[in-house]
1. Starting from residues that are assigned to a loop (DSSP other than H, G, I, E, B) and touching a strand residue (DSSP E or B) at 6+ places or on another chain (Cβ under 9 Å), keep the ones in segment 78-92 and report whichever is modelled with the highest pLDDT.
2. Criterion first (surrounded by 15 or more Cβ atoms within 10 Å (Cβ to Cβ), in contact (Cβ under 8 Å) with a residue 60 or more places away in the chain and of a type in the set (F, W, Y)) does Y141 satisfy it?
Amino acid sequence: MLSCRFKMQYMQTHKGLIGMAVLTVFLMGAGSIVYMGRPVMKIVPITDVPLEQPIPSTFISGPAPSPTPTPVSPQGGQSGSTSGNGATMYTMADVRAHATQSNCWSAVGGNVYDLTTWVSRHPGGEAVIVAMCGVDGTSAYNGQHGSSRRPLSMLALLKIGTLQ
């Protein structure tokens, strides 16, 4: 009986601390679940999106960036050709050269995507993405996802260039 009374007294005097500990464990668990469900992708700077309004010079600090960015060579070593607006252009021959699960490119809607990091994370299974490696997967993508926002936003992160 004494130990029970001691536990009750301890819980009453430290209930704020206990509540914070429980909340912290809950938030960390929920955060890791959300994080673990996201694909690991490389972040490529967006250079071909025009700005609605020019950025005021008061927001720019340091030296001005070079006018022509050097294109990042995507996985697989092929760099494609660069158009006048800085976008990397690829041919279907370039896409066909990346037709394996460990090096997977696909063309969808006139753009080229590196799907290598997405193969093992696709909710519908690896086989669905592997079937799109090295080919124009527009019809397969549109047949499954149509214009759904979430798949479209995930696909946008994997874009490496446009199709010639």
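1. T91
2. In short, no.
The values are calculated or read from the model by the stated rules, or taken from the named source; none is laboratory data. Please read all numbers here as calculations on a predicted model, not as lab measurements. Cβ: placed from backbone, ideal geometry, glycine included. Neighbour counts: every protein chain shown.
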